[in-house]
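Please read the structure below before turning to the comments.
The values are calculated or read from the model by the stated rules, or taken from the named source; none is laboratory data. As the structure is a computational prediction, the values presented were derived from the model and not from experiment. Positions of Cβ are generated from backbone atoms using ideal geometry, with glycine treated the same way; all protein chains shown enter the neighbour counts.
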Amino acid sequence: MNDEVKIGPILKHLMKNKKMTFKKLSHVSGVPISTIKTWSAGVEPKSLSHARKVARALDVSVEYLVFGETSVQAPTMSELLTTQLFSGWCKVTIEMPITSPVLKKKE
């Protein structure tokens, strides 16, 4: 594991791949444009919560955004949605309880 901060080139690469401008990334993440531009110049993030918001907007881990490394971790939501989990047919049964209205006896 390398502790060298690589946020500048990683951020630029991710933004290019996702076709995101500073303005769009700021809008999606809620982090000020000036902060994102500062990071793209290689300045270390001062706010972990801002780094997490930008990482989520770019669909990567904070570790990857800041250091360019990943550890074994759970897949992202987009990975889950685009990964074939099995092939073939499966049967799904959905059961709902059937309730009938209570009948009153006529007296």
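Overview of values
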{"item": "Qualifying positions in the stretch 55-107 - touching a Pro at 6+ places or on another chain (Cβ under 8 Å) and at pLDDT below 75", "result": "83"}
{"item": "Residue list for the stretch 63-73, restricted to those being part of a helix (DSSP H, G or I) and either hydroxyl-bearing (Ser, Thr, Tyr) or surrounded by 17 or more Cβ atoms within 10 Å (Cβ to Cβ) (or both)", "result": "64, 65, 66, 67"}
{"item": "Filter result (farther than 20 Å from residue 6 by Cα and among the aliphatic types (A, V, I, L, M)) within the stretch 18-38", "result": "28"}
{"item": "Considering residues of the stretch 5-30 that are part of a loop (DSSP other than H, G, I, E, B) and either within 9 Å of residue 68 (Cα to Cα) or not charged (D, E, K, R) (or both) only, the residue modelled with the lowest pLDDT", "result": "5"}
{"item": "Selection from the stretch 31-59 of residues that are under 18 Å from the mean Cα position of the chain (by Cα), part of a helix (DSSP H, G or I) and not β-branched (Val, Ile, Thr)", "result": "48, 49, 50, 51, 52, 53, 55, 56, 57"}
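Residue-wise test of (1) among the polar types (S, T, N, Q); (2) in contact with a Phe, Trp or Tyr (Cβ under 7 Å, 6 or more places away or on another chain); (3) surrounded by fewer than 14 Cβ atoms within 10 Å (Cβ to Cβ); (4) at negative phi.
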site: 14; (1), (2), (3), (4): no, no, no, yes
site: 17; (1), (2), (3), (4): yes, no, yes, yes
site: 20; (1), (2), (3), (4): no, no, no, yes
site: 27; (1), (2), (3), (4): no, no, yes, yes
site: 32; (1), (2), (3), (4): no, no, yes, yes
site: 35; (1), (2), (3), (4): yes, no, no, yes
site: 45; (1), (2), (3), (4): no, yes, no, yes
site: 50; (1), (2), (3), (4): no, no, no, yes
